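Single-structure report; data block below.
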Amino acid sequence: MAISLLNPKAEVARAAQALAVNISGAKGIQDVMKSNLGPKGTMKMLVSGAGDIKITKDGNILLHEMQIQHPTASLIARASTAQDDMTGDGTTSTVLLIGELLKQGDIYIAEGLHPRILTDGFDKAKTKALEVLDKIKIAIEPNKENLTDVCRTSLRTKVHQKLADVLTDVCVEAVLALKSQDKPVDLHMIELMQMQHKTETDTTLVKGLVLDHGSRHPDMPKRLENCYILTCNVSLEYEKSEVNSGFFYKTAEERDKMVAAEREFIDQRVKKIIELKKKVCAGNNKSFVVINQKGIDPMSLDQLAKEGIIALRRAKRRNMERLALACGGVAMNSFDDLSESVLGYAGVVYEHVLGENKYTFVEDCKNPQSVTILMKGPNKHSLDQIKDSIRDGLRAINNALEDKAVIPGAGAFEVMANKELMQWKDTIKGKSRLGVIAYAEALLIIPKVLATNSGFDVQETIVKLQEESRINPEPIGLDLVSGEPINPKDAGIFDNYIVKKQIINSCSVIASNLLLVDEVMRAGMSSLKG
Amino acid sequence: MTNTQEILTLQFGHYANFVGTHWWNLQETSFQYNSNTPSEINHDVLFREGHNSKGLVTFTPRLLLVDLKCSLKSLPTEGELYESLPDIAHYSGVNWDENKLDIRKEQKQHKNEFQQDIDNPKTLQQFSQKKYNLEDSTEVWSDYLYSRFHPRSVNIINEYQHCNKETPFDTFSLGTELWKTDFFQEDFVDKIRNYTEECDHFQGFHVLTDCTNGFAGLSSSCLEDIRDEYDRKSVLVFPTIPSFFPDNEYKTDREQVTSIMSDSTRVINLLLSFNNFKQHSNMFSPLCTSKDGWRQPGESRQFYHVNYNFKLPYHSSAILASALETITLKYRLKSNTFSTMDLYADLTANGRKAVATSICLPFSFNCDAYLIDCLDQWEGPLYQSLTPRCTIGTNRVMQHLTISGISESKIKKPYNFAGKQKDMPAYKYNSVKEMLEYYLACTTYATASHVTAVEKPLTVKPPYPDIFDKIIGSDGNVNMNPRSDNTIIESVPVLAGLHSGTELGEMLESLHSEARKLKIARFHQFTIERDEYEECLNDILTFKEEYEDSYLI
């Protein structure tokens, strides 16, 4: 009110009207996202006006690609993508649940219930739902089987089943390769490398490192075995430091002298590498590879090539760390004390050329603590799709490792929570009970949409699930193939605990806030003076 | 050394891309294939050679550009040079079940006549001889883009949409936040690395950036990272300011409030980005075809024989691109060893990293006249400043100028026919460079001028806008009779320069005094503390003091 007095030109929507604005936004975005929930959801192909293609089923990607004009919808979108940033999954569920909470809440508000009482109920229901979640959580051993289950469940909602199974194996193996005792896994130590050829299912795990560049000298070997690896961050290129002013001329001799002195400095560094190479490779069948984060100029490359050394320049900053983990050795920042102990080892280093792009494989490492997932696909958009899903798959595994627990999937939690909330509501006094009912009802949106997307009758399925749940104390989920109730544990369908927890928390808060809005305004600044 | 010292160009923001597009067009339309005389210019400095999947050789700008979603219109992100667009109708893969695919197609973007012509091999040859009404059909820069880019060049920000008023990308802070996302931290930084890895003698960066919106923050953050990773490489920044903001033409009171707010936001962005450029670049030169730049662009600058519409970014950016093309020739010639580092040594003494850019476009004189007469009769300043709030003086200036398109025969009359020309003191000079240096020495005080002369004129064939007077002929000379409507101007002579002098201090002072009036706490979109802002103001003030001239010479 105060602002509109100060700034009478603000556009204002009040009370019921404001709520209507929010609900229409939430519904709109819910409708778009509905069809991609679950493994049977539709894949969306987005074609831009210029012909660019994006194929996805992942809610997070979709929200980033969509052009959202509605302010409430864009608020929900941002909240949902924030959910993904934290846990790597659950975007679509978040959008659906917020929309449904608003829809269910609206029914009571239309009948005259004050939004504050309703949100009180939401709050109580949320606490109870979290209790249920803790109750059905299943502690797991971080073994291959369990991690495969949770990763597969997540990936099947993002790519085709055939591809999901390939990616699941790759992701699980990658994480297990990195895992040592109880230390948390640093997912950055898994390099994701794209190669545009062959098909999606040729995606593999390389127990070593793949770099997206190769040597830049024609005489360098393309393949070496039994390699010492020198990782360094030292410039091996001549960078002139003298200036060549337009106003003050130097003679050609003066200039040449300066250049020679500078050049000498770089040559000394190259010589140090060659000395070390000669020392460690003399009289055996070992070879030598230099991987540098800084530049190496043609003259330096030439000297190294003459010694049969492969030298790579401008490696990724993060690869310095990865190389040390994959091959052993230490990344050097100067060549002052070079010795055999700083070198890493790889069984084989070879180059692969693909059109304009070169790749260097550093493989057969002794005990790689850093690995590479080599993604393949016939075109850019399928590679992007794989990359997005692999990121999510890795996150799902990592979440399971950190939680040391999973929860049964296939809508089992929602059915269970709905049942418990409906029983529990009788213990609540006053009108906030209505909020609990609305909340319990809203949770069912997840199994409902799963049923719709698989082509089953919604009412019939829900009734069946609730029936089964009443007589069976085990969590009951929906079998998307038969439409019958199943125990997700038997089918190996598991979700991340942390993801569900985040969904429950964030959805309740956002939906409550949106319901409590009784004025929406679009206003500029109240005063003209900055 | 004859080795090419490669430069990587980075373009941030829509207006910067307008300028960049003209710049690449200017270069590519001037390429001469099958020519007997080798080019004076070493195109490898800014371009790269590669080959596509079919094994065909490509020659593309060594460029990374960033723009917002929906700013490309008919241009596909990856381009079509390396791979043709995927055919949706005949697409197969293991990615989905046939009946579970939901195709959402946006309306196909219509290509304008110019784009259709250069797509078609039959009409491609003649495009430069045809008049296109690009003034009307240009909405975004890709509408008049002649160059074809490498697939990694175009980077589109998905978080913000071009011209979306609900979630505008309008503040420095949004840009610095965006830089922290994986898209930039991993993909973009990797692309920079991919380009530099290819280079044998990488020299450094050209950065063209919008500095009035969120891109100011994005490019500033990028520069910080570049400084970290490529500490000894050269970084030359050209912050660009459009000569017209549509919101300045308000009709209602409400629009007026919005416009005033936007002007203030732009001033803050300018201040924060200039402060960053001062720290992280080797040199920077703000560019705008209008006089003021801030709070509003102000009155547009007039150039002899040029009629341009300052409201069209297509026009104003062409003038800025002409200046960039000309001044950078200095270190892009095959014949010399001059590099950007040498330029900084001459111009940025005492930390004077901000410099002014100037242009004289077209540097035309009567078709039967000579350079010596032209300079003799010239009234007023030889060139116009393109740096806002900065008139280039004639007193204690360090300057580098490049003149292109004046042939040896146009310098002076041959001795036998020289007549009165012989009496002029300048007659003894035989080259364009010497004569212009002599002229500058005579018209300035305590000023050091370095001139580079290039024979090749600036190619201004379409898609360059036709902004020249009717009396300019197709070769760029001033004719007695106006040219006919269907004559295309092929090329014009041009003069452009970089200048460092006390006047830049005035520019910084004006920015400081505008920015000081704003209370940063009122601009909640900026996540910047008051102390931080005050410090930034102080830094700019200290920077300004570098230009106070009581000790030099």
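Scan the stretch A:226-234 and give yes if some residue there is open to solvent by 30 Å² or more (accessible area, probe 1.4 Å) and within 29 Å of A:N357 (Cβ to Cβ), otherwise no.
Step one: filter the stretch A:226-234 for residues open to solvent by 30 Å² or more (accessible area, probe 1.4 Å), giving A:226, A:233.
Add one more test, that the residue is within 29 Å of A:N357 (Cβ to Cβ), and what stays is A:226, A:233.
Within the stretch A:226-234, one or more residues are open to solvent by 30 Å² or more (accessible area, probe 1.4 Å) and within 29 Å of A:N357 (Cβ to Cβ).
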Selection within the stretch B:103-147 - in a loop (DSSP other than H, G, I, E, B), in contact with a helix residue (DSSP H, G or I) (Cβ under 9 Å, 6 or more places away or on another chain), of a type in the set (D, E, K, R) and away from chain A (no Cβ under 14 Å)
B:K130
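Looking for whichever is surrounded by fewer than 21 Cβ atoms within 10 Å (Cβ to Cβ) and touching a helix residue (DSSP H, G or I) at 6+ places or on another chain (Cβ under 9 Å) here; the options are B:K433, B:K461, B:K470, B:K420. Which one fits?
On the way: B:K433 fails: touching a helix residue (DSSP H, G or I) at 6+ places or on another chain (Cβ under 9 Å); B:K470 fails: touching a helix residue (DSSP H, G or I) at 6+ places or on another chain (Cβ under 9 Å); B:K420 fails: touching a helix residue (DSSP H, G or I) at 6+ places or on another chain (Cβ under 9 Å).
From the options B:K433, B:K461, B:K470, B:K420, the qualifying one is B:K461.
Condition check ((1) assigned by TED's automatic domain parsing to the domain that holds A:N36; (2) surrounded by fewer than 23 Cβ atoms within 10 Å (Cβ to Cβ)) across all residues:
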residue	(1), (2)
A:G393	no, no
A:E402	no, yes
A:T427	yes, yes
A:A438	yes, no
A:V449	no, no
A:F456	no, yes
Can you name every residue in the stretch B:48-81 that is open to solvent by 40 Å² or more (accessible area, probe 1.4 Å) and either free of Cβ contacts under 8 Å to residues at least 40 places away in the same chain or more than 9 Å from every other protein chain (Cβ to nearest Cβ) (or both)?
B:E49, B:H51, B:S53, B:K54, B:G55, B:L56, B:V57, B:F59, B:L81
Exception for B:T212 within (1) surrounded by fewer than 24 Cβ atoms within 10 Å (Cβ to Cβ); (2) among the polar types (S, T, N, Q); (3) in contact with a helix residue (DSSP H, G or I) (Cβ under 9 Å, 6 or more places away or on another chain) falls at (1)
Of the conditions (1) over 24 Å from B:Q161 (Cα atoms); (2) polar (S, T, N, Q); (3) exposed (fewer than 14 other Cβ atoms within 10 Å of the Cβ), B:S128 clears all except one; give me its number.
(3)
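Can you pull out the helices (runs of 4 or more DSSP H) entirely within the stretch A:439-530 that have at least 1 residues that are of a type in the set (S, T, N, Q) and at pLDDT 85 or above?
In the stretch A:439-530, A:445-453, A:458-471, A:497-516 are the helices (runs of 4 or more DSSP H) which contain 1 or more residues that are of a type in the set (S, T, N, Q) and at pLDDT 85 or above.
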So is A:G283 buried (at least 20 other Cβ atoms within 10 Å of the Cβ), of a type outside the set (A, V, I, L, M) and in the same structural domain as A:Y350 (by TED's automatic domain parsing) or not?
no
When residues of the stretch A:296-318 are limited to those that are assigned to a helix (DSSP H, G or I) and more than 10 Å from every other protein chain (Cβ to nearest Cβ), the one farthest from B:I226 (Cα to Cα):
A:K306
So in the stretch B:334-365, with the set limited to residues that are β-branched (V, I, T) and buried (at least 20 other Cβ atoms within 10 Å of the Cβ), which one is nearest to B:V207 (Cα to Cα)?
B:T340
Residues B:P168, B:P151: which one is more than 11 Å from every other protein chain (Cβ to nearest Cβ) and part of a loop (DSSP other than H, G, I, E, B)?
B:P168
Just a yes or no: is a residue in the stretch B:492-513 open to solvent by 20 Å² or more (accessible area, probe 1.4 Å), of a type in the set (A, V, I, L, M) and either away from chain A (no Cβ under 14 Å) or farther than 30 Å from B:Q125 by Cα (or both)?
no
In the stretch B:443-458, how many residues are open to solvent by 40 Å² or more (accessible area, probe 1.4 Å), in contact with a helix residue (DSSP H, G or I) (Cβ under 9 Å, 6 or more places away or on another chain) and assigned to a strand (DSSP E or B)?
1
Provide a single number: the residues in the stretch B:218-264 that are hydroxyl-bearing (S, T, Y) and open to solvent by 10 Å² or more (accessible area, probe 1.4 Å).
6
Please name all residue pairs, on different chains or six or more residues apart, with Cβ atoms under 6 Å, provided the first residue is in the stretch A:331-360 and is assigned by TED's automatic domain parsing to the domain that holds A:V270 and the second residue is of a type in the set (F, W, Y).
A:L343/A:Y228; A:Y350/A:F361; A:H352/A:Y359
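Quick one: which of A:S180, A:S154 is crowded, with 19+ Cβ neighbours inside 10 Å and either within 14 Å of chain B (Cβ to nearest Cβ) or among the hydroxyl-bearing types (S, T, Y) (or both)?
On the way: A:S180 fails: crowded, with 19+ Cβ neighbours inside 10 Å.
None of the other options fit; the residue is A:S154.
The values are calculated or read from the model by the stated rules, or taken from the named source; none is laboratory data. Predicted model only: the values in this text are computed from it and were never measured. So basically every Cβ, Gly included, is an ideal-geometry build from the backbone, and we count neighbours across all protein chains shown. When the accessible area is computed, the model is the full protein with side chains, heavy atoms only, and any ligands, DNA or RNA have been set aside. Shrake-Rupley method; radii C 1.70, N 1.55, O 1.52, S 1.80 Å.
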